[in-house]
Number of protein chains: 2
Amino acid sequence: MPTATASKTDIETQVKNPELVARRRRQIVDAAVPLFIEKGFHKTTTRQIAAATGFSIGLLYEYVRSKEDVLYLVCEAIHQEVERGVNDALQRHERGREALAAMIREYFTVCHRMNDHILLIYQETQSLPPHWRKRVLENEVRLTGLFVNALARLIAHGDLPKLTEQSIELIAHNITVLGHMWTFRRWFLARHYSIEDYISLQTGFILGLLGG
Amino acid sequence: MPTATASKTDIETQVKNPELVARRRRQIVDAAVPLFIEKGFHKTTTRQIAAATGFSIGLLYEYVRSKEDVLYLVCEAIHQEVERGVNDALQRHERGREALAAMIREYFTVCHRMNDHILLIYQETQSLPPHWRKRVLENEVRLTGLFVNALARLIAHGDLPKLTEQSIELIAHNITVLGHMWTFRRWFLARHYSIEDYISLQTGFILGLLGG
DNA sequence: CAAATATGAACGAGCGCTCAGTCACACTAC
DNA sequence: GTAGTGTGACTGAGCGCTCGTTCATATTTG
């Protein structure tokens, strides 16, 4: 029973060459993302996905066992890109409170850029079979974990006041979700704030919340 | 061209008696909500909705022109219930910072109780035809507006420090979304916090953010 | 009985997915 | 070299089925 590409997924495929599988699946994801964003998962047909990829439907099903497989591939790809963006941002570890401000700025900017993708995950995660929904939610936790670590490091260095573990974790969730908020309330917020306004106001709040 | 019940919707119906329409539609909503929550909108069939209501499919289509009509009725009903809960809470206007704390407590409790319903709106609003999606989003704005007013009143009374209009509005959005956060991250949060923990931690943050 | 309300068989468009078959290419035998 | 054979990526017509919706008909109401 041949299994998937070199990496972490269990999606079965008929195709033997793992590099081809990886490349084809990247093509499928690239084609499916705009379709899912535009019409949603349920209103996108497998034939449309195949056509957008430049495949026959038959070929699509050589690389994927079901339409839901495509959604999972898409969700994974999106998370990977968001996480890469955030990780990049966290690498440049400045010091002091500005470090937190910089972190928030980078993260919110990623959210701004990935607007539609983040929305897609909010709306379609529920359409995944349980096994994969779980994986997507684990990704979400891992992302928040990055903030937990960053906050803990700053506190350890004395750059931020001491807090209980519970508080740190909740603040990390708040930061994550306030980034998402820009995407799912953008239809309203963007009428009143630029992304810059939004970042500086929210940063002010979060810093204030840490004992301004 | 006969029009809808006494209230605000434009949904057409074949049935002449407005009270009957209102009653039947309430039945439809009551039956559809648990189905949509359990299986989602797309995977729920009109026949299932009819059966759960105790109607024949034909009869369902006397009170509704399409499946999407049902979704719209459901979204409206949910918003009405949430808004009623929040309004009740805001009526008992205490004074000082405790007023804000009490407001948050009540609102978060409503979110806790309406967990699945709020999630449903997050996930299925996009499935509505544009015209009704707009209405649902207006409801969302109105809800946040309640918090804007409440905050403005407290500031006017000198119970809270002065803030720009922009800040007030964004804080209102933050409160709204942090309530929702309990519903859409509950799968994680509930493992680490009780709703009481959650309320008191978040209240602390929000009060701190207002110049603790 | 006339109007209003209710029924559910029937419709047909459209869906996800399959599978018998094609084709380009690589390897072997002579 | 070239004929023979095997492999695996790729094709797309079409299967089986579900779904939202309609409408001729039946039942109830006033």
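Descriptive notes on the structure:
- Test for A:ALA32: is it touching a helix residue (DSSP H, G or I) at 6+ places or on another chain (Cβ under 6 Å) and more than 14 Å from DNA strand C (Cβ to nearest atom): no
- Segments classed as helices (runs of 4 or more DSSP H), wholly inside segment B:29-139, with at least 1 members that are touching a residue at least 60 places away in the same chain (Cβ under 8 Å) and over 28 Å from B:ALA156 (Cα atoms): B:67-91, B:96-113, B:115-124
- Scope segment B:176-197; condition without any contact (Cβ under 8 Å) to a residue 40 or more places away in the chain, among the hydrophobic types (A, V, I, L, M, F, W, C) and surrounded by fewer than 21 Cβ atoms within 10 Å (Cβ to Cβ); matching residues: B:VAL177, B:TRP187, B:PHE188, B:LEU189, B:ALA190
- Counting the residues of segment B:192-212 that are more than 10 Å from chain A (Cβ to nearest Cβ) and either among the aromatic types (Phe, Trp, Tyr) or part of a helix (DSSP H, G or I) (or both) gives 5.
- Residue within segment A:144-164 that is within 14 Å of another protein chain (Cβ to nearest Cβ), away from DNA strand C (no atom under 16 Å from the Cβ), over 28 Å from B:THR183 (Cβ atoms) and of a type outside the set (S, T, N, Q) present: yes
- Considering residues of segment B:59-105 that are polar (S, T, N, Q) and more than 16 Å from DNA strand C (Cβ to nearest atom) only, the residue modelled with the lowest pLDDT: B:GLN91
- Being touching a Ser or Thr at 6+ places or on another chain (Cβ under 7 Å) and within 12 Å of another protein chain (Cβ to nearest Cβ) is a property that A:LEU119 has.
- When B:ALA6, B:ALA51 are checked against the criterion of being surrounded by fewer than 17 Cβ atoms within 10 Å (Cβ to Cβ), at pLDDT below 95 and of a type in the set (A, V, I, L, M, F, W, C), B:ALA6 stands alone in meeting it.
- Qualifying positions in segment A:30-60 - hydroxyl-bearing (Ser, Thr, Tyr) and over 23 Å from the mean Cα position of the chain (by Cα): A:THR45, A:THR46, A:SER56
- Considering the conditions (1) modelled with pLDDT of 90 or more; (2) outside the structural domain of A:ILE195 (by TED's automatic domain parsing); (3) β-branched (Val, Ile, Thr); (4) away from DNA strand D (no atom under 13 Å from the Cβ), A:ILE28 is excluded by exactly one of them, (4).
- Meets criteria (part of a helix (DSSP H, G or I) and in the same structural domain as A:GLY145 (by TED's automatic domain parsing)) for A:LEU189: yes
- Taking the listed residues B:ARG185, B:ARG142, the one that is closer than 22 Å to A:ARG191 by Cα, at pLDDT 95 or above and among the basic types (Lys, Arg) is B:ARG142, with no other qualifying.
- A:ARG84 under 10 Å from the mean Cα position of the chain (by Cα) and surrounded by fewer than 18 Cβ atoms within 10 Å (Cβ to Cβ): yes
- Residues that are farther than 18 Å from A:LEU128 by Cβ and either of a type in the set (Asp, Glu) or away from DNA strand D (no atom under 16 Å from the Cβ) (or both), drawn from segment A:47-80: A:GLU62
The values are calculated or read from the model by the stated rules, or taken from the named source; none is laboratory data. As the structure is a prediction and not an experimental result, all values here were calculated from the model. Note: ideal-geometry Cβ built from the backbone for every residue, glycine included; neighbour counts use all protein chains shown.
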